[in-house]
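Accompanying notes for the structure given below.
The values are calculated or read from the model by the stated rules, or taken from the named source; none is laboratory data. Just so we're clear, the structure is a prediction, and the values are computed from it rather than from any experiment. Note: ideal-geometry Cβ built from the backbone for every residue, glycine included; neighbour counts use all protein chains shown.
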Amino acid sequence: MLFKGDNVSGNSQETSQISTPSTPIQPLRVAVVGLGRMGMIHALHMHELASENGLCSLAAVSTIDRNAADRFLSLSGSATPVFDDIEALAKSNLCDVAIIATNTELHREHALTMIQAGCRVFLEKPLTGTLEGDRAFAALLERAHPDAVMLGFQRRFDAPLGYAKQLIDEGVIGRIFKIYSALEDSGPAPNGFLSPGILPDMGIHNVDEIVWLTGRKPVSALSIGSRIFSHSHTTAHEDFDDALMLLDFGDELIGQLQVSRNHVSGYRGETVIYGERGQIRIGRFNQNQHEVIVEAYGMREASQPIALKSFETRRYSQPLPEFIDRFGAAYKQELKVFLECCRDSEPFPITHRDGLCAQEIVAAAMKASIRKQDMAAIDYAEQRR
Ligand SMILES: NC(=O)c1ccc[n+]([C@@H]2O[C@H](COP(=O)([O-])OP(=O)(O)OC[C@H]3O[C@@H](n4cnc5c(N)ncnc54)[C@H](O)[C@@H]3O)[C@@H](O)[C@H]2O)c1
């Protein structure tokens, strides 16, 4: 059903099962499902892409949150139809493609609803947030809709990380033997946020980043989780507010990951890539969120960095979540690529297969999870006296 006051035309049709994407029409009619933190920014970017290159038009949004609908309508100044029910959106025949940015536990249901209505779908990460859920969903997609889903790992579209990957691929630091990737929020997940756990929710970004940058998959993993600080400042329930992961690639390559919601001074995203002939650093913490520096250093004797580039991040004219300050341009670029693939009937560069791979790694690390009770007590001589 439409929210009262919305005006729309479009024919209802029965939902039908299809296994291939519908033939796109120009411009692609886009629906955004979920208008929370991510949905709102995806809708904004869709608006911009529509006016910049005519690739798409924002045809409808769907949300169960009336306030979010009002906020969206007033921010966009548009008369975009707003549905309060995804089933009605699916039957409306108003859209060719859909952006799904609802709570993780609804991803499978919502993605399938729109796929069965003939849409190709951009789905926010993670796929489902659990290993069993991901395996079942990925198997179904593989069987019936192998080209229907693009997954939202926006780091792969981030200019600073892309530059670092170029340096790696050019061999400027030689063979890589260690990669460290950190993602720290300045505060807890917001009240009401539904998280599958800090590693499937946040760490999955770093895991995918490491797999992408190295072009390799680890063979084993472990994790360490703690509840330190911010968990007591939110109603959102999460297993840990701080976690570490170690990834072993089996032959002199390791990955180290750090995620937390306790970096009270501001959002922190840093990656350090260690090679036999130098290292590449992406991002160093700075309360000025609008500059990301990528620097590469050679061996100790060298007096100059071998590469140094500063990237200005996008400034939005409204206050937005801190991760959007850092990754805004990447979020927009991933949507542009999604639309281009839909227009050209091309496969997506990131799919359910990448989501499942990252979740398999996260799940293995969570299986080998070290907690306080697993730690060795320290045997101080002074206490034995
Ligand atoms: N790529 C990233 O960097 C990134 C960052 C944050 C969140 N995310 C992902 O995006 C997704 C959403 O996260 P968020 O932070 O925006 O959460 P959020 O809680 O702010 O938003 C979720 C929205 O979904 C809406 N919703 C729930 N049921 C609905 C339904 N049946 N129909 C329509 N709307 C419905 C809720 O009203 C809410 O507004 C999650 O899967 C999360 O993991 C990705």
Exactly one of Leu123, Leu127 is within 11 Å of the ligand (Cβ to nearest atom), in contact (Cβ under 8 Å) with a residue 12 or more places away in the chain, closer than 28 Å to Gly203 by Cα and part of a loop (DSSP other than H, G, I, E, B), and that one is Leu127
Just to verify a result, which residue in segment 341-374, among those that are under 21 Å from Ile254 (Cβ atoms) and without any contact (Cβ under 8 Å) to a residue 60 or more places away in the chain, is surrounded by the fewest Cβ atoms within 10 Å (Cβ to Cβ)? Asp374
Report, by residue number, each residue of segment 333-354 that is within 12 Å of the ligand (Cβ to nearest atom) and either modelled with pLDDT under 95 or in a helix (DSSP H, G or I) (or both). Glu334, Leu335
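Select from segment 37-48 the residues that are farther than 17 Å from Leu89 by Cα and within 11 Å of the ligand (Cβ to nearest atom) and list them in ascending order.
Within segment 37-48, Arg37, Met38, Met40, Ile41, His42 qualify.
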Those residues of segment 49-89 which are more than 23 Å from the chain's Cα centre (by Cα), within 13 Å of Arg29 (Cβ to Cβ) and within 13 Å of the ligand (Cβ to nearest atom) amount to Leu89
Residues being out of contact with any Pro (no Cβ under 9 Å at 6 or more places or on another chain) and either within 22 Å of Phe153 (Cβ to Cβ) or loosely packed, with under 15 Cβ neighbours inside 10 Å (or both) - total across segment 211-226: 11
For segment 159-170, state whether one or more residues are over 26 Å from Phe348 (Cβ atoms), away from the ligand (no atom under 15 Å from the Cβ), of a type outside the set (Gly, Ala, Ser) and free of Cβ contacts under 8 Å to residues at least 24 places away in the same chain. yes
Please state which of the following conditions Ser51 fails to meet, knowing it meets all the rest: (1) part of a helix (DSSP H, G or I); (2) in contact (Cβ under 8 Å) with a residue 24 or more places away in the chain. (2)
In segment 23-48, the residues that are part of a helix (DSSP H, G or I) and of a type in the set (Gly, Ala, Ser): Gly39, Ala43
